[in-house]
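Asks: Below is one structure. I have some questions about it.
The values are calculated or read from the model by the stated rules, or taken from the named source; none is laboratory data. Given the structure is predicted, the values throughout are model-derived calculations rather than measurements. Here the Cβ positions follow ideal geometry from the backbone for every residue, glycine too, while neighbour counts run over all protein chains shown. Ligands, DNA and RNA are stripped out before the accessible areas are found, and what is left, the full protein with its side chains, is counted by its heavy atoms. Shrake-Rupley method; radii C 1.70, N 1.55, O 1.52, S 1.80 Å.
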Amino acid sequence: MMKTLEISLTGNEVKKICIQWFHKIDGKVRTDVTYPSGFINVISIDKTGENFHLIYDTKGHFAVCHITPDEAKYKLCKVRKIFVGTEGIPHLVTPDASTICYPDPLIKVNDPIQIDLETSKVTDFIKFDTGNLCMVTAGVNLGGISVTTNRERHPGSFDLVHVKDANGNSFATQLSNISVIGKCNKPWISLP
């Protein structure tokens, strides 16, 4: 809060703001000063009416991106795991440890899903295909926004994804380092 949002000057001010329930992370009030915020989390400050996304900049640091109130009602998450639980109920797990029951059967691992923050339900999803807009979330090119061009499957090892950025530079990275943020060059989130 001190460094990224520049709301307070000292750690003591951060504690006072958190105790007064002035801010929400992903639609829920968080009073813990050390609560972790991560990639594409929605931060809302009701008193000022401001909403933010946390995304990476081109240098690999977290950057705050102002968003509209309509965009603050949902967040994008990458599907980490799909499994069948007890009594045959299908479940879906996201990187922020959210578990969603009865997902759409067309949703597969690595597909980004759009989650409504009020109901915690999946409202839409994008298939992980070539030609989609993505952001590199780990590795040397952290924070780069590019378009997927090819996917190499390597059974027993890491799958590779070849991407091309706006400058025409092509590079390959692991599939786990990519997060799709838009469909066919149209981002689903605001970008800085």
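Asks: Is at least one residue of the stretch 47-70 part of a loop (DSSP other than H, G, I, E, B), among the hydroxyl-bearing types (Ser, Thr, Tyr) and surrounded by 19 or more Cβ atoms within 10 Å (Cβ to Cβ)?
Replies: Pass one, the stretch 47-70, residues part of a loop (DSSP other than H, G, I, E, B): 47-49, 57-61, 67-70.
Next cut, among the hydroxyl-bearing types (Ser, Thr, Tyr) only: 48, 58, 68.
Now narrow it down to the ones that are surrounded by 19 or more Cβ atoms within 10 Å (Cβ to Cβ): none.
Checked the stretch 47-70: no residue is part of a loop (DSSP other than H, G, I, E, B), among the hydroxyl-bearing types (Ser, Thr, Tyr) and surrounded by 19 or more Cβ atoms within 10 Å (Cβ to Cβ).
Asks: Given the options Thr137, Thr68, name the one that is of a type in the set (Ser, Thr, Tyr), under 20 Å from Gly38 (Cα atoms) and in contact with a helix residue (DSSP H, G or I) (Cβ under 8 Å, 6 or more places away or on another chain). Please lay out each step first, then the result.
Replies: Values: Thr68 fails: in contact with a helix residue (DSSP H, G or I) (Cβ under 8 Å, 6 or more places away or on another chain).
After applying the criteria, what remains is Thr137.
Asks: Can you name the residue in the stretch 129-148 that is over 16 Å from Asn110 (Cα atoms) and without any contact (Cβ under 8 Å) to a residue 40 or more places away in the chain and, of all such residues, is least open to solvent (accessible area, probe 1.4 Å)? Please lay out each step first, then the result.
Replies: As a first pass, look at the stretch 129-148 and keep what is over 16 Å from Asn110 (Cα atoms): 139-146.
Restricting the remaining residues to those that are without any contact (Cβ under 8 Å) to a residue 40 or more places away in the chain gives 139-141, 146.
On the way: Gly139: 52, Val140: 147, Asn141: 65, Ser146: 3 Å².
The selected residue is Ser146.
Asks: Right, here's the next one. Suppose we keep only residues that are small (Gly, Ala, Ser) and surrounded by fewer than 14 Cβ atoms within 10 Å (Cβ to Cβ) within the stretch 71-89. Which one would you say is modelled with the highest pLDDT? Let's see the steps before the verdict.
Replies: The initial filter retains those residues of the stretch 71-89 that are small (Gly, Ala, Ser), namely 72, 85, 88.
From the residues that got through so far, the ones that are surrounded by fewer than 14 Cβ atoms within 10 Å (Cβ to Cβ) too are 85, 88.
Details: Gly85: 87, Gly88: 90.
Residue satisfying both the conditions and the ranking: Gly88.
Asks: Being open to solvent by less than 20 Å² (accessible area, probe 1.4 Å) and either more than 22 Å from Tyr56 (Cβ to Cβ) or touching a Phe, Trp or Tyr at 6+ places or on another chain (Cβ under 7 Å) (or both) is true for just one of Leu117, Leu92. Which residue is that? Show your work before the answer.
Replies: Details: Leu117 fails: open to solvent by less than 20 Å² (accessible area, probe 1.4 Å).
Step by step, each of Leu117, Leu92 is checked, and only Leu92 is open to solvent by less than 20 Å² (accessible area, probe 1.4 Å) and either more than 22 Å from Tyr56 (Cβ to Cβ) or touching a Phe, Trp or Tyr at 6+ places or on another chain (Cβ under 7 Å) (or both).
Asks: Pull up the stretch 156-192, narrow it to residues that are in a loop (DSSP other than H, G, I, E, B) and closer than 20 Å to Ala72 by Cβ, then point me to the one that is least open to solvent (accessible area, probe 1.4 Å).
Replies: If we filter the stretch 156-192 for residues that are in a loop (DSSP other than H, G, I, E, B), which is where we start, we get 156-159, 166-169, 184-185, 188-192.
Then drop every residue that is not closer than 20 Å to Ala72 by Cβ, which leaves 188-192.
On the way: Trp188: 57, Ile189: 8, Ser190: 34, Leu191: 57, Pro192: 114 Å².
Of everything passing the filter in the stretch 156-192, Ile189 is least open to solvent (accessible area, probe 1.4 Å).
Asks: Which residues, taken from the stretch 88-128, are on the phi > 0 side of the Ramachandran plot and in contact (Cβ under 8 Å) with a residue 60 or more places away in the chain?
Replies: In the first step, residues of the stretch 88-128 are kept if they are on the phi > 0 side of the Ramachandran plot; the result is 88, 97, 102, 110, 120.
Selection gives Asn110 alone.
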